[in-house]
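What follows is a single structure, written as structure tokens, with notes after it.
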Amino acid sequence: MNVGVAHSEVNPNTRVMNSRGMWLTYALGVGLLHIVLLSIPFFSVPVAWTLTNVIHNLGMFIFLHAVKGTPFETPDQGKARLLTHWEQLDYGVQFTSSRKFFTISPIILYFLASFYTKYDPTHFIFNTTSLLTVLIPKLPQLHGVRIFGINKY
Amino acid sequence: LQEKEELIEEWQPEPLVPPVSKDHPALNYNIVSGPPTHKIIVNGKECINFASFNFLGLLDNEKVKSAAQASLKKYGVGTCGPRGFYGTFDVHLELEDRLAKFMRTEEAIIYSYGFATIASAIPAYSKRGDIVFVDEAACFAIQKGLQASRSNIKLFKHNDMTDLERLLKEQETEDQKNPRKARVTRRFIVVEGLYMNTGDICPLPELIKLKYKYKVRIFLEESLSFGVLGEHGRGITEHFGISIDDIDLISANMENSLASIGGFCCGRSFIIDHQRLSGQGYCFSASLPPLLAAAAIEALNIMEDNPDIFHTLRAKCERIHRALQGISGLSVVGESFSPALHLRLEDSYGSRENDVTLLKKIVDYCINRGIALTQARYLDKEEKCLPPPSIRVVVTVEQTEEELDRAASLIKEAAQSVLN
């Protein structure tokens, strides 16, 4: 389904990331965030890159792995009420193209950030931890897993 | 390959209609000609109608019929659309307004099919993971609504408040073990005002106490009690003198007292407004034909202008309840002021089919002598708690006292001749 068209999708959250133009919008959004951060005169280039990486990963974690359910009512009586958006993507089918895209994009951002921060140790720690927070929930083994019962209900 | 050919040749399809005996009830049915009014023509014989739920006799009322005919001339027959897509007429809005004012709630919503009313209202609020406490004698429409809602259903024994309290306490202890889960589960109690399967009323004051003690929402289904109980016919809340704000949702059928088709739900605006987008029967079915909405409005007018018919109806119910006591072999099930009571066999005669056949003989005896009765019909395999077979006697305001006495004596005669 493409966003904004009439569709008979039971849970639109599952297909929204496959819609036309979604990946491009996401990439442009990250680019815009980076340009805004670069425009602030107080941040040097390495700081701007690390901040882009960290803010992008924080946003991704909140929207894909923390918030559960759907912002709209679904006709399936709330089947996805306890699932995060990542778990709802493509009805739980793993290794689809959207999932691969959103797994690889933080990794690319991490490479770019590491390069532009000249592999400085402090920046390395920040970038790596934030990459891990966003890569580990994407593993298929962690589908539906809630560690220590956090965010279960 | 050869085995495949053999298998194909051997295969016998199952018959479309399974072989049944000649006495199967689906093959021997009574034919009604004409409208099911006070005098009904069954199998060519004219009988007094003790079978249709026409409690206030508004089915044949001249004012209601002329209002419907005027509406037919103005709007035509159907609305050709659901409420959200060019199917809302001013009569619908007027009927909703009038019902809300009559029941003294903030808002009301109309459905075009009585069965679909409660079957759409329950799944609009209760989803997977929610808990619903239901009476065992709930009608089939409620059972289908619960099945569609996919919630956890907990049945409690009919009208047994101690059983319900036990279930609520168990749920409370589980909630204390897992408070985070408890914070996101919604809990509901679904009861009927006047039960169709047993003719009793629910103990509403105790239910309200339980509601505030255990924080559960109450859905009240008033199909039989709307237009029957209470000083002005407002249902079981008026009967018990309870404020209508204590009940979260009242759902009723307009097919009984109001002699129209369809149903309505009423309650606070906040609650009813949700059904305008989530009530499946509201959004995805064509709206009520305007002539039936006009008929319902006229019926409401009559109900508001003559509040003494409710008292008359209850007096007639008491009369026949007294007259039917003491029949050997049949026991009367239902409250004394319930207009729909059941006559069950005192002891079962072996299997359910035997009981059904015997009751059928009693019903045929009565039809042949001018009183139209019916057995309470159920989908045997689909009901959760199948009630025992019974004859359902319905009292309407149009039956005279002489007819009531004649019916009672005829049933006595029939029971004596068939069961002895």
note = Within region A:73-84, the residues that are within 10 Å of chain B (Cβ to nearest Cβ), out of contact with any Ser or Thr (no Cβ under 9 Å at 6 or more places or on another chain) and within 24 Å of A:I150 (Cα to Cα) are A:K79, A:L82
remark   = Requiring at least 1 residues that are modelled with pLDDT of 95 or more and of a type outside the set (D, E), the helices (runs of 4 or more DSSP H) wholly within region B:1-119 are B:62-75, B:90-103
remark   = Exception for B:A293 within (1) assigned by the TED database to the domain that holds B:G76; (2) out of contact with any helix residue (DSSP H, G or I) (no Cβ under 6 Å at 6 or more places or on another chain); (3) touching a residue at least 40 places away in the same chain (Cβ under 8 Å) falls at (2)
key: Tally, over region B:280-331, of residues that are crowded, with 23+ Cβ neighbours inside 10 Å and touching a Pro at 6+ places or on another chain (Cβ under 8 Å)   = 4
key: Tally of residues being touching a residue at least 12 places away in the same chain (Cβ under 8 Å) and at positive phi across region B:210-244   = 5
remark   = Considering only helices (runs of 4 or more DSSP H) wholly within region A:7-126, the ones with at least 2 residues that are among the aliphatic types (A, V, I, L, M) and touching a residue at least 12 places away in the same chain (Cβ under 8 Å) are A:22-39, A:45-60, A:97-116
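For region B:351-384, enumerate the residues that are assigned to a helix (DSSP H, G or I) and of a type outside the set (V, I, T). Before the answer, list the steps.
Looking only at region B:351-384, we keep the residues that are assigned to a helix (DSSP H, G or I), and these are B:352-368.
Matches in region B:351-384: B:R352, B:E353, B:N354, B:D355, B:L358, B:L359, B:K360, B:K361, B:D364, B:Y365, B:C366, B:N368.
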inquiry  = Quick check on my filter: what residues within region B:133-177 are within 14 Å of chain A (Cβ to nearest Cβ) and farther than 25 Å from B:E383 by Cβ?
reply    = B:E174, B:D175, B:K177
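Which count do you get for residues in region A:83-136 that are in contact with a Gly (Cβ under 8 Å, 6 or more places away or on another chain) and closer than 20 Å to A:Y26 by Cβ? Write out each step before concluding.
To start, the set of residues in region A:83-136 that are in contact with a Gly (Cβ under 8 Å, 6 or more places away or on another chain) comprises A:83, A:87.
In the following step, the residues that additionally are closer than 20 Å to A:Y26 by Cβ were identified as A:87.
Selection size over region A:83-136: 1.
Going by what's in this entry, would B:D200 be described as without any contact (Cβ under 8 Å) to a residue 24 or more places away in the chain and assigned by the TED database to the domain that holds B:A121?
Numbers: without any contact (Cβ under 8 Å) to a residue 24 or more places away in the chain: no; assigned by the TED database to the domain that holds B:A121: yes.
So B:D200 fails the test.
If you check A:L24, A:L51, A:L37, A:L82, which single one turns out to be more than 12 Å from the chain's Cα centre (by Cα) and within 30 Å of B:L146 (Cα to Cα)? Walk me through how you get there before you give the answer.
Numbers: A:L24 fails: within 30 Å of B:L146 (Cα to Cα); A:L51 fails: within 30 Å of B:L146 (Cα to Cα); A:L37 fails: within 30 Å of B:L146 (Cα to Cα).
Answer to the selection: A:L82.
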Region B:147-181: number of residues that are within 26 Å of the chain's Cα centre (by Cα), assigned to a helix (DSSP H, G or I) and free of Cβ contacts under 8 Å to residues at least 12 places away in the same chain = 3
request  = Would you mind finding the one in B:R268, B:R314 that is over 16 Å from B:E96 (Cα atoms) and either outside the structural domain of B:S66 (by the TED database) or modelled with pLDDT of 95 or more (or both)?
outcome  = B:R314
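The values are calculated or read from the model by the stated rules, or taken from the named source; none is laboratory data. Predicted model only: the values in this text are computed from it and were never measured. Note that each Cβ is placed from the backbone with ideal geometry, even for glycine, and that neighbours are counted across all protein chains shown.
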